[in-house]
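Engineer: Structure provided below as structure tokens; questions to follow.
The values are calculated or read from the model by the stated rules, or taken from the named source; none is laboratory data. Given the structure is predicted, the values throughout are model-derived calculations rather than measurements. Here the Cβ positions follow ideal geometry from the backbone for every residue, glycine too, while neighbour counts run over all protein chains shown.
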Amino acid sequence: MKPVYIMVGGFLGAGKTTTVSRLARHYMAAGKRVGIVTNDQTNDLVDTQALRAQGFDVGEVAGSCFCCNFDALTSTVEKLGAGALPDIILAEPVGSCTDLVATVIRPLTEVYGVPLDIAPYGVLLKPSHGLRILRGEKSSGFSPKAAYIFRKQIEEADFIVINRVDELSAEDLSTLEELLEREFPGRVILRSSARTGEGFQSLVEMLEQRGCFARRLMDVDYDVYAEGEAELGWLNSQIEVRGTEEFSLDALLMNLIRRLHISLLNAEAEAAHLKVIGLCDTSYAVANLISNQTGPELSLPSGAATRTANVVVNARVAIDPAILEDMVRGELSAETAAQRLQYSIVSLQSFRPGRPVPTHRITEGSGTR
């Protein structure tokens with residue numbers, strides 16, 4: 001049997017990591033060997049830390065997206081499974097990437113020498129930005145160039161998963177489906193909550209289908225694509241936090257992310273995704289901010305009290321990365337001072353993504369270019 005390659009796409013904060021985790025547990029419970037590949041523009045990725053903390057076999061492609069470092073993707077896949085490829089390969093691309101059918105899926109079938117069973121390509125949609133972008137609202141929080149990426153992600157999908165349906169009103173859900181059907185006719189639309197498991201079986205059944213899937217090719221204006229990505233400031237940081245007495249890991253993360261949320265609101269800077277993980281000897285916790293409108297949440301509480309913690313911050317925000325770095329440094333200093341904690345920054349990178357330059361781009365009848 002050929003290994004099954006499942007790529008879970010979607011915009012920043014759509015819920016890809018939670019979905020990948022649930023899929024991994026499902027396939028492992030069925031006796032399958034599962035490997036996961038995460039992806040980011042730099043090191044210190046919260047998603048990798050969170051998935052490894054759950055005991056999964058995780059490889060990471062850091063420093064560029066899958067499409068721009070195709071060889072790193074395939075070599076990372078080959079390192080999974082201790083000498084034999086896993087039965088199931090779950091891949092989570094960078095949330096600001098698109099054109100993945102032409103630059104990742106088709107090269108896997110036509111360039112990569114290892115036979116893979118490619119599952120239908122699904123894209124998760126996060127309603128908080130999806131509704132505003134698809135309605136064409138000026139208050140979507142993103143420029144038309146960033147919204148271009150969002151739309152292109154949906155355009156190439158075989159199916160769309162509306163995530164977080166447990167947080168949507170019936171009216172908003174109906175409106176979202178109507179907008180998707182009007183702009184992207186022919187796409188299968190699923191309803192899901194990665195957090196609660198609602199709709200999960202429909203997702204699994206969709207991924208089991210075979211036929212004319214993962215073949216949607218499209219025209220992409222790489223100038224607009226590059227400018228849309230570059231409008232986002234990215235920051236990844238790893239911090240060591242220490243206290244003379246025990247402190248609540250959950251409270252530290254939530255207080256920090258609340259401070260950052262207020263700073264973003266004051267700066268009128270839209271969060272595409274802000275994610276913080278804290279790890280200590282006994283447990284780990286994750287806090288998220290997926291849009292300014294929805295506000296912070298403790299997506300994975302730990303209940304842990306500790307004297308030391310490793311905290312990883314990932315921020316993707318529509319703001320200059322230098323301002324974002326000052327913001328994170330300032331709020332981190334303020335929160336640790338408020339709790340009488342000490343901290344040291346182990347690593348910190350803030351930047352704008354560079355122009356995407358795919359290793360391969362295979363379009364209908366064109367070969368590789």
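Engineer: Can you find even one residue in segment 310-330 that is over 26 Å from Glu231 (Cβ atoms), surrounded by fewer than 23 Cβ atoms within 10 Å (Cβ to Cβ), of a type in the set (A, V, I, L, M) and in contact with a helix residue (DSSP H, G or I) (Cβ under 8 Å, 6 or more places away or on another chain)?
Structural biologist: Within segment 310-330, none of the residues are over 26 Å from Glu231 (Cβ atoms), surrounded by fewer than 23 Cβ atoms within 10 Å (Cβ to Cβ), of a type in the set (A, V, I, L, M) and in contact with a helix residue (DSSP H, G or I) (Cβ under 8 Å, 6 or more places away or on another chain).
Engineer: On to the next question. State which residue is nearest to Ile277 (Cα to Cα) when the search covers only segment 17-33 and only residues that are among the basic types (Lys, Arg) and not in a helix (DSSP H, G or I).
Structural biologist: The selected residue is Arg33.
Engineer: Have a look at Glu177, Glu155 and point out the one that is at pLDDT 95 or above, of a type outside the set (Ser, Thr, Tyr) and under 17 Å from Ser193 (Cα atoms).
Structural biologist: Going through Glu177, Glu155 in turn, the sole match is Glu177.
Engineer: Test of understanding: among Asp57, Asp47, which residue is crowded, with 21+ Cβ neighbours inside 10 Å, among the charged types (D, E, K, R) and touching a residue at least 24 places away in the same chain (Cβ under 8 Å)?
Structural biologist: Of the residues listed, the single one that is crowded, with 21+ Cβ neighbours inside 10 Å, among the charged types (D, E, K, R) and touching a residue at least 24 places away in the same chain (Cβ under 8 Å) is Asp47.
Engineer: Please specify each residue of segment 69-126 satisfying the condition of being more than 21 Å from Arg151 (Cα to Cα), β-branched (Val, Ile, Thr), touching a residue at least 40 places away in the same chain (Cβ under 8 Å) and touching a Gly at 6+ places or on another chain (Cβ under 6 Å).
Structural biologist: Ile89 - this is the single residue of segment 69-126 that is more than 21 Å from Arg151 (Cα to Cα), β-branched (Val, Ile, Thr), touching a residue at least 40 places away in the same chain (Cβ under 8 Å) and touching a Gly at 6+ places or on another chain (Cβ under 6 Å).
Engineer: Keeping to segment 268-297, report how many residues are over 22 Å from Arg340 (Cβ atoms), buried (at least 16 other Cβ atoms within 10 Å of the Cβ) and either aliphatic (A, V, I, L, M) or in contact (Cβ under 8 Å) with a residue 60 or more places away in the chain (or both).
Structural biologist: 16
Engineer: Arg195 is checked against (1) of a type in the set (D, E, K, R); (2) within 30 Å of Ile362 (Cβ to Cβ); (3) in contact (Cβ under 8 Å) with a residue 60 or more places away in the chain; (4) touching an Asp or Glu at 6+ places or on another chain (Cβ under 9 Å) and fails just one. What number does that condition carry?
Structural biologist: (2)
Engineer: Considering each residue of segment 308-325, count those that are closer than 18 Å to Leu253 by Cα and more than 20 Å from the chain's Cα centre (by Cα), and give that number.
Structural biologist: Counting residues in segment 308-325 that are closer than 18 Å to Leu253 by Cα and more than 20 Å from the chain's Cα centre (by Cα) gives 4.
Engineer: Inside segment 142-258, counting only strands (runs of 3 or more DSSP E) that do not spill past its ends, which hold 3 or more residues that are among the β-branched types (Val, Ile, Thr) and outside the structural domain of Asp326 (by TED's automatic domain parsing)?
Structural biologist: 159-162
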